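Chemist: Below you'll find the structure I mean.
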Amino acid sequence: MSSTHRHSAELMALKPGLRIHDDAAFNAEPAPHLLDSHPTAEASFFVRNNGTLPETDELTPSSWRLVVDGEVERPLSLSIDDLRTGFDIVHVVAVLECAGNGRSGIEPPTDGLQWGVGAAGCARWTGVRLRDLLRAAGVKATAVYTGHESPDRSLSNPGVPAISRGLPIAKAMAEETLVAFGMNGGPLPYLHGFPLRIVAPGFPGSAWQKWLNRIWVRDREHDGARMTGTDYRLPNRTYVPGEPLRHDDFEVITDLPVRSMITSPADGFHHGQVSALTVAGFAWAGHTPVAKVEVSADGGASWIDAALETQNEPFAWRRFTATVTGLADGPVVLTARATDAAGRAQPLDQAPWNPRGYCNNAVHRVHGTIGR
Ligand SMILES: Nc1nc2c(c(=O)[nH]1)N[C@H]1C(S)=C(S)[C@@H](COP(=O)(O)O)O[C@H]1N2
Ligand SMILES: [Mo]
């Protein structure tokens, strides 16, 4: 069955121009040039679902409850109004990126959605700090992790949640971590978790639970759906393809590697006879700031430093621009490479191979031609 027949026209109309992945769950990503304007508009924002979507009539904001329970002194059941009126409302500009972004560049290929480099976007998120809710509930000394729940179900077994991930308690208590109800000045859109979602800047998108209705404070690492085994985990040692997996080697991904993406010009560009070309895009990383971006117009033989826009939002992506000169007529390959403040640069080839194909932050290349 082709992907276009799997999903309703209404659903696809919410993501016009995006590539719908051939999967039973609704997953879509933009071509990089659709990410050229900041913040990322809802229409261009990738969407990642692990299971069925909740029915819209299950998502009534007036009756929605967010339960906070587990290792707390006073379990809470909060309405959306309680959140809006009882807690400080804050804004965070942050990149949301799937741990599988770039997976299609992994050799040999792994299971999992074959994302290009478009499974990332940067938005302004509005909500309350998760730590304020946890403090209101009174976190016990036994708390080590949160577990997050939502009504979407597994495709193969409707009795099982699609996904239930959580955060180490330190990240749950971090200033930047939100329970969000707004995106880019409007309400959180349906596909992005209306009415509530976790915003966990720097963590992979899997930690950003959508349609959030429960925060279960745990006395151990959360073991909900897609938290265990090799799901959203990287091995702490080198694995070669085909090697048997030892689950003890796998640790939860809690940070995203440095990455950049060329959003202009678009792949397949054709310019008349020009000798100079402006290359622009965005660079970001998880918890370590981006230090520099370089651009190459000769496939990586020589590099020039790009100008990096300064910004005060530590988890937002940063615009880079570079003008490459001395171009000859013919095919041209543009490459961008970001380096973080710890000196880690994007690999030219691919990130270390891992069984699930996570965190491939290899450089992005755009191909075009110059001349008549
Ligand atoms: N309830 C729920 N939350 C979820 C998911 C999901 O399938 N169900 N997918 C997670 C993953 S893997 C990612 S990458 C992000 C994607 O967020 P988006 O669809 O808003 O882009 O949501 C996360 N939160
Ligand atoms: Mo993801």
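Chemist: Kindly identify region 177-275 as rounded, prolate or oblate by the Cα gyration tensor criterion: order the square roots of the eigenvalues as a ≥ b ≥ c, call it rounded if a/c is under 1.5, otherwise compare a/b with b/c, prolate if a/b is larger, else oblate.
Modeler: Verdict is oblate for region 177-275.
Chemist: Let me ask something else. Among the lysines, select those whose C-alpha is under 23 Å from the C-alpha of residue 15, and discard any that sit fewer than 8 residues away in the same chain.
Modeler: Counting by Cα, and skipping residues close in sequence, residue 15 has these lysines nearby: 210.
Chemist: Here's another thing I want to ask about it. For region 121-135 and region 220-287, what is the centre-to-centre distance using only Cα atoms, to the nearest Å?
Modeler: Here the answer is 24 Å between Cα centres.
Chemist: Tell me the label-point distance for the pair residue 292, residue 81, using the 7 Å Cα-to-Cβ offset, in nm and rounded to one decimal.
Modeler: In this crude spin-label approximation the distance works out to 5.7 nm.
Chemist: Follow-up question, since we're still on this one. Taking R0 as 22 Å, what's the FRET efficiency between residue 226 and residue 11 from their Cβ-Cβ distance, rounded to 0.05?
Modeler: With a Förster radius of 22 Å, E is 0.50.
Chemist: While we're looking at this one, here's another question. For the chain, what does the relative contact order come out to in percent, with C-alpha contacts under 8 Å and a separation of six or more? Display every interim value, and only then the final one.
Modeler: Values: 938 pairs, mean separation 62.8, N = 372.
Computed over the chain, the figure is 17 percent.
Chemist: Given the Cα-Cα distance of residue 114 and residue 160 and 0.36 nm per residue of separation, how much length would full extension add, in nm?
Modeler: 14.1 nm
Chemist: Round to the nearest 0.05 the FRET efficiency obtained for residue 240 and residue 52 when R0 = 45 Å and r is the Cβ-Cβ distance.
Modeler: Taking R0 as 45 Å, the efficiency between residue 240 and residue 52 is 0.80.
Chemist: May I ask you to compute the full-extension gain from residue 302 to residue 270, defined as 0.36 nm times their residue separation minus their alpha-carbon distance, rounded to one decimal in nm?
Modeler: 9.3 nm
Chemist: Still on this structure, please answer the following. Can you sort 226, 259, 65 from fewest to most other Cβ atoms within 10 Å of each residue's own Cβ?
Modeler: Numbers: 226 16, 259 30, 65 12.
Fewest-to-most ranking of 226, 259, 65: 65, 226, 259.
Chemist: At a Cα cut-off below 17 Å, give the aspartates and glutamates reachable from residue 140, other chains included and same-chain residues fewer than 8 away excluded.
Modeler: Here the aspartates and glutamates satisfying the reach criterion relative to residue 140 are 69, 71, 73, 132, 219, 221.
Chemist: Moving on. Could you identify which residue out of 87, 315, 203 has the top mean-square fluctuation in a GNM of the chain using Cα springs shorter than 10 Å?
Modeler: Among 87, 315, 203, the largest mean-square fluctuation in the Gaussian network model of the chain belongs to 87.
Chemist: For region 298-355, what log10 I(q)/I(0) values come out of the Debye formula at q = 0.12 1/Å, with one point per alpha carbon and no solvent?
Modeler: Values, matching the q order: -0.42.
Chemist: Please report, in whole Å, how far the alpha carbons of region 1-132 spread along each principal axis, starting with the longest.
Modeler: Projected onto its principal axes, the Cα set of region 1-132 covers 49, 29, 29 Å.
Chemist: Roughly how many Å is it from the Cα centre of region 51-92 to that of region 186-213, as a whole number?
Modeler: 12 Å
Chemist: Remind me, relative contact order of region 8-164 in percent, using alpha carbon pairs under 8 angstrom and six or more residues apart?
Modeler: On the way: 245 pairs, mean separation 39.2, N = 157.
That works out to 25 percent.
Chemist: Between residue 321 and residue 74, what length in nm is gained on full extension when 0.36 nm per residue of separation is reduced by their alpha carbon distance?
Modeler: Working: separation 247, 0.36 × 247 = 88.92 nm, distance 5.09 nm.
Between residue 321 and residue 74, full extension yields 83.8 nm more.
Chemist: A further question on this structure: Rounded, prolate or oblate: which fits region 106-233 when a ≥ b ≥ c are the square roots of the eigenvalues of the alpha-carbon gyration tensor, with rounded for a/c under 1.5 and prolate only if a/b beats b/c?
Modeler: oblate
Chemist: Please arrange 197, 131, 372 by how many other C-beta atoms lie within 10 Å of their C-beta, fewest to most. Please list the in-between numbers first.
Modeler: Working: 197 24, 131 18, 372 7.
Going from least to most buried by this count: 372, 131, 197.
Chemist: Now for a separate question. Let a ≥ b ≥ c be the square roots of the eigenvalues of the Cα gyration tensor of region 52-94; is it rounded (a/c under 1.5), or, if not, prolate (a/b larger than b/c) or oblate? Could the numbers behind the result be given before it?
Modeler: Values: a/c = 1.64, a/b = 1.18, b/c = 1.39.
Verdict is oblate for region 52-94.
Chemist: Same structure, new question: Suppose each label sits 7 Å from its Cα in the direction of the beta carbon; what would the residue 107-residue 63 distance come out to in nanometres?
Modeler: The modelled label-to-label distance comes out at 5.5 nm.
Chemist: Hey, fewest Cβ within 10 Å first, where do 181, 46 land in order?
Modeler: Working: 181 23, 46 28.
Least to most surrounded, the residues fall as 181, 46.
All of the numbers you see were taken from the coordinates with simple rules; none came from a lab. None of the values given here were measured: they were computed from a predicted structure. All Cβ positions, even for glycine, are placed from backbone atoms using ideal geometry, and neighbour counts span all protein chains on display.
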